[in-house]
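Undergrad: Have a look at this one.
The values are calculated or read from the model by the stated rules, or taken from the named source; none is laboratory data. Here the structure is a predicted model, which is why all the values come from computation and not from measurement. As a convention, Cβ positions derive from the backbone with ideal geometry for all residues, glycine included, and neighbour counts pool all protein chains shown.
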Amino acid sequence: MCGIVGLFLRDASLKPEFGSLLAAMLETMTERGPDSAGFAVYNDSDAASVKIVVRPQSESQTAGLIRGLEEFAPGAYDFTVRYTHLLVRTGKDNLGKTLAYLADNYAGAEIISVGEKMELYKEIGLAADISREFGLLQMAGTHGVGHTRMATESAVTTDGAHPFTTASDQCLVHNGSLSNHNNLRRQLIKQGLTFRTRNDSEVAAGYLSWRLKEHDNLGVALEHTLDDLDGFFTFVVGTANGFGVLRDPIACKPAVMVETDQYVAFGSEYRALAPLPGVEKGRVWEPEPAKVYFWERNHA
């Protein structure tokens, strides 16, 4: 099962409503994935700053982490506690030192995501609860993705929840199963990538990160997956400026899209699109098998 949603805005006036729109879409997919849920939101930000989302082991570790960073580099951080995660904002020039400090002093605190524009949150639980606890309804944004999970091949854990991110400002949500992920993981590790889980979807995210690092654009990177990934998959991918969709050649996983002057949106089922304004006037279609669809903010 599993449910996927994605939203890419063309109309800037919808930015303040972005979080509430994505939350409504995500909640409709609860029945497809009641185990856990997650989302990534992209927004315009200060070009000199970066956002680190951390998942401490406890509330006390959250408090200790904040104190530690304030002592490590006084005045260099801004903190926002979101449910079980901590959003840390700092300058780009301080990113490397901050990540090294966290690794050396807070080994149990997981780095969930890093990006100039992306914030990523995920946890065990129902989509409505996840959206509410992390404050998705109040978030502004330009584009983003969401996922509700029904675990089939691994345990129900926060690490197993989607989206997966393996590079700055990049993430992926996946419905399906990959058969060659173990071999591909070993190849990507040789290319310098690291993985937190044994989940096949994380390997797909890592593969795209590697292709993008090799200077492919998102569309070309997705095309390469058709040759190098085996199995069943529907991917929705986010980058700092882009949003992409791809189904495998058999396309056995459900998918539907809508395009209007205001946005492009994806859902595993049409009911995920129903909450969007003006959806009844949009062009609705089922993405074709083995065809890449992608949009970028400066070309949308």
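Undergrad: In the stretch 1-107, which helices (runs of 4 or more DSSP H) lie fully inside it and hold 3 or more residues that are buried (at least 22 other Cβ atoms within 10 Å of the Cβ)?
TA: Details: elements: 18-28, 59-72, 95-105.
Because the criterion is at least 3 residues that are buried (at least 22 other Cβ atoms within 10 Å of the Cβ), the helices (runs of 4 or more DSSP H) in the stretch 1-107 that meet it are 18-28.
Undergrad: Please determine whether any residue of the stretch 53-74 is in contact with a Leu (Cβ under 8 Å, 6 or more places away or on another chain) and either in the same structural domain as Gly160 (by TED's automatic domain parsing) or touching a residue at least 60 places away in the same chain (Cβ under 8 Å) (or both).
TA: Yes, some residue in the stretch 53-74 is in contact with a Leu (Cβ under 8 Å, 6 or more places away or on another chain) and either in the same structural domain as Gly160 (by TED's automatic domain parsing) or touching a residue at least 60 places away in the same chain (Cβ under 8 Å) (or both).
Undergrad: Going through the stretch 239-264 one residue at a time, which ones are of a type in the set (Gly, Ala, Ser) and out of contact with any Ser or Thr (no Cβ under 9 Å at 6 or more places or on another chain)?
TA: Across the stretch 239-264, the qualifying residues are Gly242, Gly244.
Undergrad: Can you name every one of the strands (runs of 3 or more DSSP E) wholly within the stretch 189-300 that holds 2 or more residues which are of a type outside the set (S, T, N, Q) and over 19 Å from the mean Cα position of the chain (by Cα)?
TA: Once the strands (runs of 3 or more DSSP E) in the stretch 189-300 are filtered for at least 2 residues that are of a type outside the set (S, T, N, Q) and over 19 Å from the mean Cα position of the chain (by Cα), what remains is 231-238, 256-259, 283-285.
Undergrad: Kindly check whether there is at least one residue in the stretch 136-147 that is touching a residue at least 24 places away in the same chain (Cβ under 8 Å), part of a loop (DSSP other than H, G, I, E, B), more than 21 Å from Pro16 (Cα to Cα) and not aromatic (Phe, Trp, Tyr).
TA: No.
Here's the yes/no breakdown for (1) touching a His at 6+ places or on another chain (Cβ under 8 Å); (2) in contact (Cβ under 8 Å) with a residue 12 or more places away in the chain:
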position: Val156; (1), (2): no, yes
position: Gly160; (1), (2): no, yes
position: His174; (1), (2): yes, yes
position: His215; (1), (2): no, no
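Undergrad: Okay, moving on. Residue check: is Thr152 part of a loop (DSSP other than H, G, I, E, B), assigned by TED's automatic domain parsing to the domain that holds Phe195, more than 30 Å from Asp227 (Cβ to Cβ) and out of contact with any helix residue (DSSP H, G or I) (no Cβ under 9 Å at 6 or more places or on another chain)?
TA: The answer is no for Thr152.
Undergrad: So which residues in the stretch 241-267 are of a type in the set (A, V, I, L, M) and under 22 Å from His143 (Cβ atoms)?
TA: Scanning the stretch 241-267 gives Val245, Leu246, Ala255, Val256, Met257, Val258, Val264, Ala265.
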